[in-house]
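Engineer: One structure follows; several queries about it will come next.
The values are calculated or read from the model by the stated rules, or taken from the named source; none is laboratory data. From a predicted model like this one, the values you see are computed outputs, not experimental measurements. Using ideal geometry, Cβ is built from the backbone for each residue, glycine included, and neighbour counts are taken over all protein chains shown.
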Amino acid sequence: MTSAPAGSGFAASLADSHAGLFAALAAHPFVRSLADGTLPEAALVAWAQQDRLFCLEEQRALMVLRSYEPAPELDSALARLVDDTEREPRQLAETLSSLGSEVINDPWPVCLGYTSFLLAAVHAGLLEGLVALYACERSYLDTWAAVLPSVPPGARWRHWVDNWTGDEFRAVVGTLGRCLDDLAGTPSKQMRARLGLVFGNAVRLDLAFWDMCWRQQGWPEGGQL
């Protein structure tokens, strides 16, 4: 297996400066139990429901980024992710059906917060939006690359982990990082701090998303649709 994208540019420095958060992602019980096939069904259903909704909102964010008419290399990577966000909600709905669960269009608080954060970032401009998107995709790749060696060959959800660590997804994340380096150049100290906060908040929200699914953190009583 090839390691996750690396380098010495701005994108790599963002990931390196949040190594503790990446380690927390890979150590989370949701991630570990999905990897070894022991994930409780209730947590799996919660994730499939909420990730389906996240993908639909991520597609909106991707279209905003494409509306800035980015460089062809970046636009191609964004188009690939748009394709993913069209396909994955259908696959997740099929997973829910196979588990005997109705598809519910009700984002839980963390999912709503994460997608709102992502949409706010992309509407702030191409650079800030790309930082948030890179954090989302890089944290996913690095998390599953970290646990892949411990995933049994016959694990129930091994095909998902293989997809999240495959060469195609790895190439897309690498492209996002290179394009982020080109866009950011050598940012000022103030800009570096601002973008670092955007990156860190996206990774924290990713961790909160796993925790939401693991702990079944839906709406308080009376707040469910």
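Engineer: Out of Leu197, Leu141, report the one residue that is closer than 22 Å to Arg80 by Cβ and either crowded, with 20+ Cβ neighbours inside 10 Å or of a type in the set (A, V, I, L, M) (or both).
Structural biologist: Leu141
Engineer: Another question, then. Criterion first (among the aliphatic types (A, V, I, L, M), modelled with pLDDT of 95 or more, farther than 20 Å from Leu197 by Cβ and loosely packed, with under 13 Cβ neighbours inside 10 Å) does Ala48 satisfy it?
Structural biologist: No: the conditions fail for Ala48.
Engineer: Check the range 107-130 and report whether any residue there is aromatic (Phe, Trp, Tyr), at pLDDT below 95, more than 18 Å from Phe10 (Cβ to Cβ) and part of a helix (DSSP H, G or I).
Structural biologist: Taking every residue of the range 107-130 in turn, none turns out to be aromatic (Phe, Trp, Tyr), at pLDDT below 95, more than 18 Å from Phe10 (Cβ to Cβ) and part of a helix (DSSP H, G or I).
Engineer: Go over the candidates Arg66, Arg80 one by one and state the one that is more than 22 Å from Leu112 (Cα to Cα), free of Cβ contacts under 8 Å to residues at least 60 places away in the same chain and touching a helix residue (DSSP H, G or I) at 6+ places or on another chain (Cβ under 6 Å).
Structural biologist: Arg66
Engineer: Hey, another quick one. With the checklist (1) of a type in the set (A, V, I, L, M, F, W, C); (2) over 21 Å from Ala15 (Cβ atoms); (3) not in a loop (DSSP other than H, G, I, E, B) in hand, flag the one item Val147 doesn't pass.
Structural biologist: It is condition (2) that Val147 fails.
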